[in-house]
Amino acid sequence: MAGGAIMHGRCYCGRVEFEYDTSKPIVQSAYCHCESCRAAHAAPLCQVIYVCRDGGAFRITSGEEHVKTFRKKGSPVARAFCTECGSRVYNDHDRTDIGLFPALLSEPLPESLRPTVHRCSSESILPCEDLADAIPLRPTSP
């Protein structure tokens, strides 16, 4: 995607809206299989695009007053969600990353942002070694 574009997203009820600037570099686009992501999304895995917190790639454009964060004791990740509908809006990692969820974007995901790795760990419930999508596996610790 030459020069990038601004993509728009929102929570389920529409109270929280955000922009994602695809011209900014990403840290990683992945399918995450960890217990934390599975529980938060009620799914066996979820897609996450990690961007630098200070890079200006992600910003809430409206409804910030409806965003609340939750951090499980001992977790390096705070999970931000809409207080009205419960949609997960982003992850705030202690490192320097923000994890955003392409499923909330209004526009189709460009090829350059498709997942390049499965982040698998002992917490995975899908047999990662049997996945047949040609995306590399990257073992992670829980």
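For this structure, a couple of remarks:
- Among 101-113, 26-38, the peptide with the highest mean count of other Cβ atoms within 10 Å heads the list, and the full ranking is 26-38, 101-113.
- Ordered by solvent-accessible area of protein heavy atoms (1.4 Å probe), largest first, the residues K24, K72 come out as K72, K24.
- The accessible surface of the range 10-67, taken with every protein chain in place and a 1.4 Å probe, is 45 percent carbon and sulfur.
- About its Cα centre, the chain has a charge dipole of approximately 360 debye under the convention of +1 per Lys or Arg Cβ and -1 per Asp or Glu Cβ, with nothing else charged.
- The chain: most fluctuating residue of G74, G63, G86 per GNM, C-alpha cutoff 10 Å: G74
- Global geometry of the chain, whether rounded, prolate or oblate, following the gyration tensor of its Cα atoms and the 1.5 cut on a/c: oblate
The values are calculated or read from the model by the stated rules, or taken from the named source; none is laboratory data. Please read all numbers here as calculations on a predicted model, not as lab measurements. When we count neighbours, we look across all protein chains shown, and the Cβ atoms used for this are built from the backbone with ideal geometry, even at glycine. Keep in mind that these areas ignore ligands, DNA and RNA; they rest on the heavy atoms of the full protein, side chains included. Shrake-Rupley method; radii C 1.70, N 1.55, O 1.52, S 1.80 Å.
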